[in-house]
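Asks: Below you'll find the structure I mean.
Nothing in this text is a laboratory measurement; each read-out follows from the coordinates by a stated rule. Because the structure is predicted, anything quoted here is derived from the model rather than measured. With ideal geometry, Cβ positions are generated from the backbone for all residues, glycine too; neighbour counts draw on all protein chains shown.
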Amino acid sequence: NKVAPPFRAAEFDIVFGEGISKNGEIIDMGVELGIIQKSGSWFSYNTDKLGQGRETVKQLMHDNPELANEIEGKIREKLKEIQNA
């Protein structure tokens, strides 16, 4: 590999027949950046409870792509702010 340092670890979901789970990454990045709040096993976005358990929230985002796109947009904005800081 000529583009990244060797011996690093990455963790992500691989879904059979689908590939890498984009919704799983949205949840993980959203929690990491403070866009999605996690309290125990419950996930919330703004004041709305998304659901209990990561798999439930992944399914919710799969069924509501507009919600996933909205959260992804906020993640991208936040990452741009961090990069420009």
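Asks: Take the conditions more than 16 Å from the chain's Cα centre (by Cα) and of a type in the set (D, E, K, R) and apply them to Lys38. Does it pass?
Replies: no
Asks: Pairs only if they're at least six apart or on different chains, beta carbon under 8 angstrom, first in the range 1-23 and within 29 Å of His62 (Cβ to Cβ) and in contact (Cβ under 8 Å) with a residue 12 or more places away in the chain, second among the β-branched types (Val, Ile, Thr) and loosely packed, with under 10 Cβ neighbours inside 10 Å; list them, first residue then second.
Replies: Final answer for the pair search is Ser21/Ile14.
Asks: Of the residues Glu72, Glu55, only one is more than 11 Å from the chain's Cα centre (by Cα) and of a type in the set (Asp, Glu); which?
Replies: Glu55
Asks: What do you reckon, is Lys38 charged (D, E, K, R), surrounded by 13 or more Cβ atoms within 10 Å (Cβ to Cβ) and part of a strand (DSSP E or B)?
Replies: Judged against the criteria, Lys38 is a match.
Per-residue answers, yes or no, for (1) within 26 Å of Glu81 (Cβ to Cβ); (2) in a loop (DSSP other than H, G, I, E, B); (3) basic (Lys, Arg):
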| site | (1), (2), (3) |
| --- | --- |
| Val3 | yes, yes, no |
| Gly17 | no, yes, no |
| Glu25 | yes, no, no |
| Gly51 | no, no, no |
| Met61 | yes, no, no |
